[in-house]
Amino acid sequence: MHEEILPVLTRDVDLGSAMLEIGPGPGAATGWLAGKVDKITAVELDPEAAALLAARYAGTNVEVATGSANRLTYPSASFDSVGCFTMLHHVPTAALQNAILAEAFRVLRPGGVLIGSDSLASDDLHHFHAGDTYNPIEPAALLVRLQTLGFAPVTLIVNYSLLFIAGKPTEEEPPCCPPDADQR
């Protein structure tokens, strides 16, 4: 995470000063990200994981909240960046995954960025998640989902895992159409 994923995702983006991390679990990315922003807010669904993470980062620039990422309580345009790392495949349905991505878009400030990673589908991971939720996202489907929500530009990196960087446009115009486009 610290050597191969986070440096690639953050190399060419400005995380700003306020970041939201969705579904941090045990916090594999949290501490690294906390060193890159003034404040990071981590929203974790599991109360026990959230409590452990809060204790681990007490007195730092990390604030931990227990809650669902598909119903965030933060106002629109609250964060400069949002991150989610190796957690989307734990979300049971595509509809819930889309709701989480939509909430990420909503709480991002214009010009903000969503960064994330997830595992690619494999038989090994399917067996590893036996008895657990395992709903991997196909890279092409993620591209379409992010674009449909309004993210632009979107960059996907597919190697041994799926990495994504998606910006929230600063203009009111759709990213596909110049202001003077013929509207027939």
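Every read-out reported here was derived from the displayed coordinates using simple, explicitly stated rules and does not represent laboratory data. Note that the coordinates shown come from a computational prediction; the quantities given were computed from them, not determined experimentally. Quick reminder, even Gly has a Cβ in these numbers, built from the backbone with ideal geometry, and neighbours come from all protein chains shown.
Descriptive notes on the structure:
- Its Cα centre serving as origin, the stretch 6-167 has a Cβ charge dipole (Lys and Arg +1, Asp and Glu -1) of approximately 400 debye.
- The modelled label-to-label distance for the pair Glu3/Ser161, using points 7 Å beyond Cα in the direction of Cβ, is 1.3 nm.
- Neighbourhood charge, 10 Å Cβ-Cβ cut-off, centred on Leu52 and excluding it, Lys, Arg +1 and Asp, Glu -1: -2
- Loop-located trypsin sites (Lys or Arg not before Pro) in the stretch 1-48 whose Cβ has at most 12 other Cβ within 10 Å (DSSP): Arg11
- In nm, spacing of pseudo-spin labels at Ala65 and Ala28 (7 Å Cα→C-beta vector): 2.5 nm
- Sum of side-chain charges, Val113 neighbourhood, beta-carbon under 11 Å (Lys, Arg +1; Asp, Glu -1): -1
- Overall, the anisotropy analysis places the chain in the oblate class: the square-rooted eigenvalues a ≥ b ≥ c of its C-alpha gyration tensor yield a/c not less than 1.5, with a/b not exceeding b/c.
- Comparing mean-square fluctuations of Asp46, Asp38, Asp12 from a GNM of the chain with C-alpha springs under 10 Å, the top value falls on Asp12.
- Label zone at Ser17, where the point sits 7 Å out along the Cα-to-Cβ direction: the stretch 80-100 residues whose backbone N lies under 12 Å: 80
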